[in-house]
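These notes are about the structure you will find just below.
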Amino acid sequence: MQKNLIEVRDLVKTYVTPAGDFTAVKGLDVDVQSGEFVAIIGKSGSGKSTFINMLTGIDRPTSGRIVIDGAPIHEYSEAQMAAWRGRKLGIVFQFFQLLPTLTILENIILPMELNNLYSKVERRERAMQLLEKVDMAGQAHKLPAAISGGQQQRVAIARALANDPPLIVADEPTGNLDSKTAEKIFTLFEDLVAAGKTILMVTHDSDLARRANRTIVISDGEIVNEYLVRALSTLTQDQLVDVARRVKPQVYPRDSFIIREGEVGDKFYILVDGRVDVLMSQPGGGQIVVNQLHPGNYFGEMALLGGGIRTASVKSASEGDARVIVLDGKAFNALIKESSLLREELTNIIERRVKANQVKSLSSKINDDLRAVVRESKPKSHPAGSVVIHQGELGESFYLIEDGRVDVLIRHGDEEIKVNTLKSGQYFGEMALLGDKRRSATVRVSQSGPALLVELSMTEFEKLFARSTDFREKVKKETARRKQGLEKVGRLKVKPRSGVRK
């Protein structure tokens, strides 16, 4: 398990002014692990700059603790702080702060000289290596005024790396750059994180913030719950803050139901602590766990966006309490109306959950011996547009769709008509195995992408069919429905040019 590079506890900063005391930071608790890329966002006056200034030692806390790489910097004197900062911290400013009378190379060498690190020759070699890393070695002997803003920012990043600090703090590093140059700077930060550096980046750009490992939103001196931010990452900063202000987490004791299958759904839930289990009822009685959710996940959206009835139950896990943020239907619908991105994300999540539940529910209806048959058959990827079975050929296999989509087509003369599209958790190929052995339709992988299919032989299918009553009844019912559909299409094709072409 990675250790925390930064541990902040109950951090408070109060300023004494002629108009009275003003508390800019109100009891912040933050942990940052080594190698994380953390974005910090907040409106002007939110307290984010005060927070960063205390992390870098520019400002001192009124109370609370700041421990960075084992150093309790909240206890350090100014001299101790300066020595620690020179060796353990790299800072990148919005306006570069390069010394105008020194060359680019000399700007990189200076931090090493001030902290008495490396020999004179090593300093020059290291400075050139860092300039090569940021693609600025060819400008080494120019003054800062002779290069562009984006180039100056790359030099500032190289300078921040001069003493090989474990932590880089970047204060609005792209705020003074055009979007193309900002993208290059952000990519450079991603490369540094991949190489093991820890980066805290203050930014006003929500799109860039979403690409970091984590986003910390600060509002009125307090941190908006990180799991709320993670769950609703498509919302704007203002929307996130508004939600955080209007709701407080509710605690559900271990093994207690939060929602029940079959009831009317009128709330949306975000898990912020603990774990919850998603359960579905089985025809023979009882429930099975079809999913487990963790902090930052949400649930309850299916009923609000669908038919209004809960399709599954959710309960807190047996090992501990669960804390959830609850939005009523009115608040949820307001968010959906305001954010098309959130609605699109929720729709995609619902589709994936339905697929997963279908697969889990189907496998639960098969006893242990029969499940083993399915597990031992490795899924095979079929490319987009490829034909899996041909209408009229002898059928010797049964297919389960693990991922992707397939189109079902029937042929009349020279014409093919798409009669169905099957998705993850569904199956095909059973009609020939239960009928005259001839395929009644062609099945082709949809053009949207490859499909991952589990193929069972006729013998394996017959084992499933013979030994599992649930599976047998499900297949019989679905086969009858599919036959009716094919017959209906056939009748429509009797009349020339009639029917709906797809």
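FYI, it's all coordinate maths here, none of it is from the lab. Remember, it's a predicted structure, so these values are computed and weren't measured experimentally. Because the Cβ atoms are built from the backbone with ideal geometry, glycine has one as well, and the counts that use them run over all protein chains shown.
Across the range 182-209, the residues whose backbone nitrogen lies under 15 Å from the label position 7 Å along the beta-carbon direction of D238 are 206.
Rounded, prolate or oblate: pick one for the range 41-157, where a ≥ b ≥ c are the square roots of the eigenvalues of its C-alpha gyration tensor, a/c under 1.5 means rounded, and failing that, prolate if a/b is larger than b/c, else oblate. Because a/c hits 1.5 or more and a/b fails to exceed b/c, the range 41-157 counts as oblate. The long axis of helix 469-492 is offset from the longest Cα principal axis of the chain by roughly 80 degrees. With R₀ set to 56 Å, the beta-carbon distance separating E261 from R87 gives a calculated FRET efficiency near 0.45. The fewest-to-most ranking of V38, V276 by surrounding Cβ atoms within 10 Å reads V38, V276.
To the nearest 20 debye, what is the magnitude of the charge dipole of the range 4-223 about its Cα centre, counting +1 on the Cβ of each Lys and Arg and -1 on the Cβ of each Asp and Glu? For the range 4-223, the charge dipole is close to 360 debye. Note: relative contact order over the range 376-492, using C-alpha pairs below 8 Å and six or more positions apart, is 35 percent. Based on the alpha-carbon gyration tensor of the chain and its eigenvalue square roots a ≥ b ≥ c, which shape applies: rounded if a/c is under 1.5, prolate if not and a/b is larger than b/c, or oblate? Prolate shape, in that a/c is at least 1.5 and a/b is the bigger ratio. Between E344 and R246, the FRET efficiency from the beta-carbon distance, with R0 = 25 Å, is close to 0.60. Relative to the longest principal axis of the Cα atoms of the chain, the long axis of helix 237-246 makes an angle of roughly 80 degrees. Projecting the Cα atoms of G86, I401, L161 onto the dipole axis of the chain, where Lys and Arg carry +1 and Asp and Glu carry -1 at the beta carbon, places I401 farthest toward the positive end. Placing pseudo-labels 7 Å out from each Cα toward the beta carbon at E396 and E78 gives an inter-label distance of 8.7 nm.
Against the main long axis of the alpha-carbon atoms of the chain, helix 78-88 sits at an angle near 50°.
Taking the helices alone, the chain has a mean residue ellipticity at 222 nm of -11000 deg cm²/dmol, built from -39,500 (n - 2.57) per DSSP H run of at least 4 residues and averaged over all its residues. The simple spin-label model puts a point 7 Å past each Cα toward its Cβ; for L102 and T187 those points are separated by 2.9 nm.
Computed 3J(HN,Hα) for the range 39-56, one whole-Hz value per residue from the Karplus formula 6.51 cos²θ - 1.76 cosθ + 1.60 where θ = phi - 60°, is 9, 10, 10, x, 5, 4, x, 6, x, 5, 5, 4, 4, 5, 4, 6, 5, 8, glycine and proline marked x.
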